[in-house]
Amino acid sequence: RIAAIPVLWWLAVAHRHDAFAALLIACLVGDVADGILARVLQATSELGALLDSIADTLLFCVAAYGAWVFYPDAVRQHAAGFASILALWIVENGAALLRYGRLSSFHTYLSRIAAYAMGIFIGLLFLMGFHAWLLYLAVGLLALATAEEFVLLWLLPEWTADVRGVWWVLRARRP
């Protein structure tokens, strides 16, 4: 996914919608497959979690740029929804950088659900056009996931990758 970022950027600059959409969707599917395989094969690591977060961040940025290039009217008409995604991402990652000096990489169940919803929104945006309800569903789930990640930032004094969620962290603390 990281290697695809400059290619995606170039495809957006060149206004190559179909090629951009195909590569972006391949990256989204690859992200899901990579995560599933890593967990099934028990091949997770701190470095893998960090690289996954970096790849997700870069892919998010290039997908946002692609949405702006290919769907400017939808982005303008629903600027609050698109801005909410960006703001939630910036605030949580900024807080993680301040707290731990790196991206959080919590990969909670709720953040995965929000990421899947965002991926579905982005994939369908480039395949079938803009659907406002998908944007706002993804924003709502992202807001819930971000709230949980702030609680985790408060609960976890040291950087910890791949936590399931607040409930599991609190359960592990009980004697």
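What follows draws every value from the coordinates through simple rules; no lab data is involved. These numbers come from a predicted model, not from an experiment. So basically every Cβ, Gly included, is an ideal-geometry build from the backbone, and we count neighbours across all protein chains shown.
Can you work out the FRET efficiency for the pair ARG112 and ASP73, with r the C-beta to C-beta distance and R0 = 41 Å, to the nearest 0.05?
Computed FRET efficiency for ARG112 and ASP73 comes out at 0.85.
Mind jotting down the distance between the C-alpha centroids of segment 108-132 and segment 48-74, whole Å?
The distance from the Cα centre of segment 48-74 to that of segment 108-132 comes to 12 Å.
Roughly how many debye, to the nearest 20, is the charge dipole of segment 27-175 about its Cα centre, given +1 on each Lys and Arg Cβ, -1 on each Asp and Glu Cβ, and no other charges?
My answer is approximately 380 debye.
In the chain, with Lys and Arg counted as +1 and Asp and Glu as -1 at Cβ, which of these residues, TRP89, PHE150, LEU124, has the Cα nearest the positive end of the dipole, that is, farthest along it?
It is PHE150, whose Cα lies furthest towards the positive end.
Over the chain, with a Gaussian network built from C-alpha contacts below 10 Å, which listed residue (ASP162, ASP34, ASP52) shows the highest mean-square fluctuation?
ASP34
Given the options ALA21, ALA74, ALA114, state which has the largest fluctuation in a GNM of the chain using a 10 Å cut-off (strictly under) for Cα springs.
Its mean-square fluctuation being the largest, the pick is ALA74.
Over the Cα atoms of segment 41-107, what radius of gyration and what Dmax do you get, in Å?
My reading of the Cα-based Rg and Dmax gives 14.5, 44 Å.
From zero outward in steps of 5 Å, how is the percent of C-alpha pairs of segment 6-59 spread across the bins?
Spelled out bin by bin, segment 6-59 gives 4, 18, 23, 21, 14, 11, 7, 3, 0 percent.
Helix-derived [θ] at 222 nm for the chain: sum -39500 (n - 2.57) over DSSP H runs of at least 4, divide by residue count, nearest 500?
-26500 deg cm²/dmol
Select from GLU92, GLU148, GLU158 the residue whose mean-square fluctuation is largest in a Gaussian network model of the chain (Cα-Cα springs shorter than 10 Å).
GLU158
Taking 0.36 nm per residue of separation and subtracting the Cα-Cα distance, what length does fully extending ALA43 through TRP154 add?
Taking ALA43 through TRP154 to full extension adds about 37.2 nm, to one decimal.
Have a look at ALA74, ALA63, GLY165 and report the one farthest towards the positive end of the charge dipole of segment 61-173, computed about the Cα centre with Cβ charges (Lys/Arg +1, Asp/Glu -1).
GLY165
How large are Rg and Dmax for segment 29-142 when calculated on the C-alpha trace, in angstrom?
Looking at segment 29-142, its Cα Rg and Dmax stand at 14.6, 44 Å.
For every other residue with a beta carbon closer than 11 angstrom to the beta carbon of ALA96, add +1 if it is Lys or Arg and -1 if Asp or Glu, then tell me the sum.
For residues surrounding ALA96, the net value is 0.
How large is the dipole of segment 1-108 about the Cα centre if only Lys and Arg carry +1 and Asp and Glu carry -1, each at its Cβ, rounded to the nearest 20 debye?
Value, rounded to 20: 140 debye.
Where in segment 105-148 does the label zone of TRP167 land, with the point 7 angstrom along Cα→C-beta and an amide N cut-off under 12 Å?
109-110
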